[in-house]
Amino acid sequence: MEPDPRRWQVLALVCVAFFMTVLDVSIVNVALPSIKTSLHVSENSLQWVLIAYTITFGGLLLLGGRAADLLGRRRMFMIGLVVFSGASLVCGLANSIGVLVAARAVQGVGAAIISPATLAIITTTFEEGSERNKALGIWGAMGGSGAAAGVLFGGILTKYAGWEWIFFVNVPVGALVLALTRPLVRESRVAGLKGFDAAGAVTITSSLALLVYAISKAPQVGWASGRTIGELIGAAVLLAAFVVIERRVAAPIVPFRIFRVTTVLGANVCAVFLGAVVFANFFLLTLYVQQVLHYSALKAGLTFLATAGTVIPFAGLSQALVTKFGPRPVLAAGLTLITGAMLWYTQIPVHGSFVSDLLPGYLMMGVGMAFAFIPMSIAALAGVAPHEAGLASGLINTSQQVGGALGVAIASTVAFTHMKTLLSTGHDPASAQVSGFSLGFWVIGAFAAVAVVATLALVRDQEVAVEPAAQTV
């Protein structure tokens, strides 16, 4: 098949859609105080604005990726856009917390369809090699900068337009992408594959959704509570059932042979830890600058421009280095920089300043994310046949989302437990908060260090440069 002459337009289109889904994970953070006041809700109810999106997004990614392979990447991409944009409109119009949370859950469903479809479309549009690496570099930059940009845009929109517009803005963007998709994007699907692994889809989706729910709620109900333990055991039982099913069905939703490529396995292990670091980092930093430094939503958002703005220019260098040297050294370097940024944040003071106390860490994080997301995305598709592109895409996105939920839950539990202990012994509230955040960053730094070790142990550069597999129709 000749290269698609419109492949770069296709890349731009799917990257915009992917950026929206990543953005919506963090864009809500700085708007939460405004939502709380506007809808008159409690802290316990407010957290569901974040959790509802994470549960459906993380839980349905594998199903979304496999559905793209079987039913058509373009078709599922368009369905995801309709679901995501429609739910965004309802979010903005919501006049109660119940409606907002329900619409956020539906948004997550749309995102779970869009995200793996975007990566699958890129994989089947660009042949493996330098061009695909460049395309994945751009795609990775969108994902890497999306979390930081979400905090930035959330602050700007909340300040000048109202919290509703963090959702309304998705509607015209989604409509434009939808209108351009059919003329630009070629349809592709797995030819001749019959049957659908319904039992596997139900068990893995239920397992992941229950896992994300359990770790998201654990900071509130307690990690050692019977409820949390029961939910984690339930998730493990469902996962075990999924493994048994996948080994017996003729057309499994996740053929385990994909993990025979060690680099694919290594990329997904790294994705869990990288997701944990990135999500938890932005969560704790947002709380620090707003609660300790007393920055407004707008000012808090603007501080993250340093990170978001650094990712994009270094993404080009990252993909060039991967093409020349392979993903392993670039990924290890990026994760090492991220580890350094986390260690820098452990020293944040009560009366911190942006330039001296935050900016160096923001810049290290930006370069590190560019050097980590791009090679990780390339490694996740190493030697993967086009007919399994959706599966590989769903796997790497799932790993990041589950890792993100786990990272936020663990880091926030450590930070807030330490804060409460210090406050109970008479410590100053501000110093107790900073001490808690510092301990949380030590934990996140340990996650990043483990990711460096996993990279060196599992990622193999020689597995990336393989001949493209048979083409799909």
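Things to note:
- Hey, residue 274 closer than 30 Å to residue 153 by Cβ and either in a helix (DSSP H, G or I) or under 21 Å from the mean Cα position of the chain (by Cα) (or both) or not: yes
- From the options 451, 380, residue that is buried (at least 24 other Cβ atoms within 10 Å of the Cβ), modelled with pLDDT of 95 or more and either touching a strand residue (DSSP E or B) at 6+ places or on another chain (Cβ under 8 Å) or closer than 30 Å to residue 252 by Cβ (or both): 451
- Contact map, segment 343-359: residues that are closer than 10 Å to residue 293 by Cα and without any contact (Cβ under 8 Å) to a residue 60 or more places away in the chain paired with residues that are open to solvent by less than 40 Å² (accessible area, probe 1.4 Å) and outside any loop (DSSP other than H, G, I, E, B), Cβ distance under 8 Å, separation 6+ or inter-chain. Pairs shown: 354/303.
- Any hit, segment 109-125, residues being in contact (Cβ under 8 Å) with a residue 60 or more places away in the chain and open to solvent by 10 Å² or more (accessible area, probe 1.4 Å): yes
- If the condition is being open to solvent by 20 Å² or more (accessible area, probe 1.4 Å) and touching a residue at least 60 places away in the same chain (Cβ under 8 Å), then segment 25-49 contributes 25, 29, 33, 34, 38, 39, 44, 47.
- Any hit, segment 284-299, residues being aromatic (Phe, Trp, Tyr) and under 19 Å from the mean Cα position of the chain (by Cα): no
- Residue check, residue 267 under 30 Å from residue 375 (Cα atoms) and buried (at least 23 other Cβ atoms within 10 Å of the Cβ): yes
- Residue check, residue 130 touching a residue at least 12 places away in the same chain (Cβ under 8 Å) and open to solvent by 60 Å² or more (accessible area, probe 1.4 Å): yes
- Qualifying positions in segment 89-120 - closer than 25 Å to residue 139 by Cβ and either among the basic types (Lys, Arg) or over 18 Å from the mean Cα position of the chain (by Cα) (or both): 104
- Scope segment 349-363; condition closer than 14 Å to residue 434 by Cβ, in contact with a Ser or Thr (Cβ under 7 Å, 6 or more places away or on another chain) and open to solvent by 10 Å² or more (accessible area, probe 1.4 Å); matching residues: 350
- Whichever residue in segment 14-49 is within 13 Å of the chain's Cα centre (by Cα), part of a helix (DSSP H, G or I) and of a type outside the set (D, E, K, R) and, among such residues, is farthest from residue 75 (Cα to Cα): 26
- Unmet criterion (only one of (1) within 23 Å of the chain's Cα centre (by Cα); (2) farther than 16 Å from residue 375 by Cβ; (3) loosely packed, with under 15 Cβ neighbours inside 10 Å) for residue 414: (3)
The values are calculated or read from the model by the stated rules, or taken from the named source; none is laboratory data. Since the model is a prediction, treat every value here as computed from it, not as a measurement. Methodologically, a virtual Cβ is constructed for each residue, glycine included, from the backbone with ideal geometry; neighbour enumeration extends over all protein chains shown. Surface accessibility is based on the protein's heavy atoms, side chains included, excluding ligands, DNA and RNA. Shrake-Rupley method; radii C 1.70, N 1.55, O 1.52, S 1.80 Å.
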